[in-house]
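Asker: One structure is given below, represented as structure tokens, and several questions about it will come after.
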Amino acid sequence: MEWGKVGAGGLHPALDGGAGLQAYCRSRTGLLADDGARWGVLILPGGGYERIAPAESEPVALAFLAAGVQAFVLSYSLLPQSWPQQFLEGAAALAWLRAHAGELGIRPDRVAVCGFSAGGHLAGCLSCLWDHPLLGERLGLTPEQVRPNASILGYPVVNDMRYIAPLGGEEELRLDRLVGSDHPPAFLWATGEDATVPVQNTLDYAAALKRAGVPVELHLFARGPHAMGLADRESARDQAHYNPHAAAWHGLCVDWLKGV
């Protein structure tokens, strides 16, 4: 693998704080896949905006990498740092991937965002608000630099005020009220047994996407708690988070992504 970690200042000179981007990239060795046309995926782990969940970080990146997708995990700012810091960091990371696409072996029009739980909320914000005036005012970025080409959300926070209100945005950051027709194609998955972020969050987002005419693929698995990550042994912190059936989400997602 090539590359390593990029700090906040490396992502954008206007950023400060402890944000960082960890890259997981295949080297160019003359193989057919080394044609510079790979997808790149920006992974935003969950953790309630209070921590970066390990199960949704490196294991997910390595799974995407094994599937031929260059992967990048963003450690974004946490509470008490409030909105829009996390949003600015995510936008800067997307723009950085596009600016370095040639070096990273990806196409600039194949940059996806993948978020889980609170990270799914952040991924949704980037998918809905990529043309927000703040990005130009604070970072000098254009919508074209920021907009994801695909959006992948696992059991996302959509309208649960327990997680949104501490950011300071409250009603303004409810994803189901932000979706527009220019939202990128979306892949959603969740489990019906999730007691931490109820599945209705995912269903509300899927309904909003459908109303807006956005292509959406939704997979709802009956069993499994919150924060399953890959739902396999590589990301499960205990037996309850290991569900080979739900683990099928990742293969389905990769097939979907390569068809976008």
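The values are calculated or read from the model by the stated rules, or taken from the named source; none is laboratory data. Computed from a prediction, not measured in an experiment: that's the story for all the values here. Cβ: placed from backbone, ideal geometry, glycine included. Neighbour counts: every protein chain shown. In case anyone asks, the SASA skips ligands and DNA or RNA and just uses the protein heavy atoms, side chains included. Shrake-Rupley method; radii C 1.70, N 1.55, O 1.52, S 1.80 Å.
Asker: As a check on your grasp of the helix formula, calculate [θ] at 222 nm for the chain: sum -39500 (n - 2.57) over DSSP H runs of n ≥ 4, divide by the residue count, round to the nearest 500.
Answerer: Using -39500 (n - 2.57) per qualifying helix, the result is -8500 deg cm²/dmol.
Asker: Counting Lys +1, Arg +1, Asp -1, Glu -1, what net charge surrounds residue 209 among other residues with beta carbon under 13 Å of its beta carbon?
Answerer: Here the charged neighbours net out to -1.
Asker: Rounded if a/c is under 1.5, else prolate if a/b is larger than b/c, else oblate: which is the range 164-260, with a ≥ b ≥ c the root eigenvalues of its Cα gyration tensor?
Answerer: Here the range 164-260 falls in the oblate category.
Asker: Something else: Quick one: accessible area per residue over the chain, 1.4 Å probe, rounded to a whole number of Å²?
Answerer: 40
Asker: Please report the antiparallel percentage of DSSP beta bridges with both residues in the chain, rounded to the nearest 5.
Answerer: 25
Asker: If you project the alpha carbons of the range 33-157 onto the principal axes, what extent comes out on each, in Å, largest first?
Answerer: 42, 33, 19
Asker: Any idea what the relative contact order of the chain is, in percent, if you count C-alpha pairs under 8 Å spaced at least 6 apart?
Answerer: 16
Asker: Counting only DSSP beta bridges with both residues in the range 4-148, tell me the antiparallel percent, nearest 5.
Answerer: Roughly 45 percent of the beta bridges in the range 4-148 run antiparallel, per DSSP.
Asker: Is the chain best put as rounded, prolate or oblate by its Cα gyration tensor, with a ≥ b ≥ c the root eigenvalues, rounded for a/c under 1.5, and otherwise prolate when a/b is larger than b/c, oblate when not?
Answerer: It comes out rounded by the Cα gyration axes.
Asker: Alpha carbons only, please: Rg and Dmax for the range 15-54, in angstrom.
Answerer: Just the Cα atoms of the range 15-54 yield Rg and Dmax of 15.0, 42 Å.
Asker: Pop out the carbon and sulfur fraction of the accessible area of the chain as a percent, whole number, probe 1.4 Å.
Answerer: Carbon plus sulfur share of accessible area: 51 percent.
Asker: What is the distance in Å between the Cα centroid of the range 194-227 and that of the range 233-260?
Answerer: 15
Asker: Only Cα pairs under 8 Å and at least 6 apart count here; give the relative contact order of the range 214-260 as a rounded whole percent.
Answerer: 30
Asker: Okay, moving on. Would you look at the GNM of the chain, springs on alpha carbons closer than 10 Å, and say which of 197, 214, 157 moves the most?
Answerer: Looking only at 197, 214, 157, the largest GNM fluctuation is found for 214.
Asker: Now a separate question. Take peptides 57-65, 91-99, 247-255 and line them up by average Cβ neighbours within 10 Å, highest first, as a rough protection proxy.
Answerer: 91-99, 57-65, 247-255
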